[in-house]
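Report on one structure; see the data block that follows.
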Amino acid sequence: MQNGTFTLQHQSTQIGYSIVGNGEPLLIAPVSWGVDGHRWTTLDELAKHFTLIRLDPRGTGTSGSVQEKSEYGIPTLVIDIEALRIHLGIDRWNIMGQSAGGWTALEYTLAHQSSVQSLIVVCSAPTGKFHKRTFRDPAHPLYPEFERISKEVRSLPADHRIKAFNRAIYQFDVQNDAAKQLIDGIFAKAEFNSQRNQYFVMNELNRYNVTERLKEISVPTLIIGGTHDVHVSPQWSEFMAGKISNSRLVMMEHSGHFPWLDEPDLFFETILRFIEHG
């Protein structure tokens, strides 16, 4: 496949996507809560071994706008991902999703399992009700800090509020100063779609739940959890591994929510070994 940045006319809008690298196709499933699908530039390391494919959800990046609010939901994102696979002429590809991107990856796999070679779910959960044992849980030691940040940004305009909140809150999720600086820089530059973010909070958190469907997944699945993840409890990684029969669980002992920043060598080696050898 030709490397570069492209757009696909699809339904009533356009889907912006990029391709970099050579090898087996690996789609990075985007999150649906308001940012484009290209923000984790550090994942370009994967392009040394795979054809790395990323797309921007409608209303973000180089993708077009939505006509109806429901298009902000993961089901529409799944439709767009499948349209991109068909457009690129890919028979089966590998899918990787982290955090809410894992939600996208899981829902896509359940809808189009015959198109998935392998599935990788990183620091994610099978339900939108995942807040227990995280900084959003009043019993968690970081909850007072979460409350303080929430109050500080409350009076800001929507787009600025989302940026400021995420820029601060994601500092909880990395384990070293270099990673903290990188995350801070990424979110300082990120653009947010406040309407998409609102739809995620008001609709997707309540709608998303594939807990009872995990047993339907039969493709080879790698589940990676971070032992120090305070955004999504690592217990959810263990739970998913127990429900997906053809799965392998890797817990990264020195990682939080972004294991490719905390333990990059181990993370990328684990991905490479899984896709190449299963």
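The values are calculated or read from the model by the stated rules, or taken from the named source; none is laboratory data. Quick caveat: nothing in here was measured; it's all calculated off a predicted structure. Every residue, glycine as well, gets a Cβ built from its backbone with ideal geometry; the counts of neighbours run over all protein chains shown.
A few points about this structure:
Here's the yes/no breakdown for (1) more than 18 Å from the chain's Cα centre (by Cα); (2) modelled with pLDDT of 95 or more; (3) closer than 14 Å to Leu119 by Cα:
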position	(1), (2), (3)
Ile224	no, yes, yes
Val232	no, yes, no
Glu253	yes, yes, no
Leu272	yes, yes, yes
His277	yes, no, yes
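- The conditions of being in contact with a helix residue (DSSP H, G or I) (Cβ under 9 Å, 6 or more places away or on another chain) and surrounded by 23 or more Cβ atoms within 10 Å (Cβ to Cβ) are met by Ile15.
- With respect to (1) part of a loop (DSSP other than H, G, I, E, B); (2) crowded, with 16+ Cβ neighbours inside 10 Å, the lone exception for Lys132 is condition (2).
- Residue in the stretch 108-120 that is part of a helix (DSSP H, G or I) and crowded, with 22+ Cβ neighbours inside 10 Å present: yes
- Only residues that are assigned to a helix (DSSP H, G or I), farther than 17 Å from Leu77 by Cβ and not hydroxyl-bearing (Ser, Thr, Tyr) were counted in the stretch 169-205, giving 17.
- Qualifying residue in the stretch 79-93 (condition: in contact with a helix residue (DSSP H, G or I) (Cβ under 6 Å, 6 or more places away or on another chain) and not in a helix (DSSP H, G or I)): yes
- Residues of the stretch 185-208 classified as closer than 21 Å to Ser63 by Cα, modelled with pLDDT of 95 or more and of a type in the set (Lys, Arg), total: 1
- If you go through the stretch 89-99 and keep only what is crowded, with 23+ Cβ neighbours inside 10 Å and either within 13 Å of Arg196 (Cβ to Cβ) or of a type outside the set (S, T, N, Q) (or both), you end up with Ile95, Met96, Gly97.
- The sole residue among Leu119, Leu142, Leu182 that is modelled with pLDDT under 95 and not charged (D, E, K, R) is Leu182.
- Every condition in (1) in a loop (DSSP other than H, G, I, E, B); (2) over 16 Å from the mean Cα position of the chain (by Cα); (3) among the aliphatic types (A, V, I, L, M); (4) surrounded by 17 or more Cβ atoms within 10 Å (Cβ to Cβ) holds for Val35 except the one numbered (2).
- Number of positions in the stretch 30-80 that are aliphatic (A, V, I, L, M) and either in contact with a strand residue (DSSP E or B) (Cβ under 7 Å, 6 or more places away or on another chain) or farther than 26 Å from Gln117 by Cα (or both): 8
- Every residue from the stretch 244-266 that is hydrophobic (A, V, I, L, M, F, W, C) and farther than 15 Å from Ala178 by Cβ: Ile244, Leu249, Val250, Met251, Met252, Leu266
- Out of Gly225, Gly256, Gly278, Gly242, sole residue that is within 20 Å of Glu24 (Cα to Cα) and among the small types (Gly, Ala, Ser): Gly278
- Filter result for Lys151 (surrounded by fewer than 18 Cβ atoms within 10 Å (Cβ to Cβ) and assigned to a helix (DSSP H, G or I)): yes
- Meets criteria (of a type in the set (Ser, Thr, Tyr) and in a strand (DSSP E or B)) for Ser18: yes
- Filter result for the condition that a residue is modelled with pLDDT of 95 or more, more than 22 Å from Glu204 (Cα to Cα) and of a type in the set (Gly, Ala, Ser), over Ser18, Ser99: Ser18
- Residue in the stretch 72-88 that is touching a residue at least 60 places away in the same chain (Cβ under 8 Å), crowded, with 22+ Cβ neighbours inside 10 Å and in contact with a Gly (Cβ under 9 Å, 6 or more places away or on another chain) present: yes
- Of the residues making up the stretch 58-71, those that are surrounded by fewer than 18 Cβ atoms within 10 Å (Cβ to Cβ), without any contact (Cβ under 8 Å) to a residue 60 or more places away in the chain and part of a helix (DSSP H, G or I) number 1.
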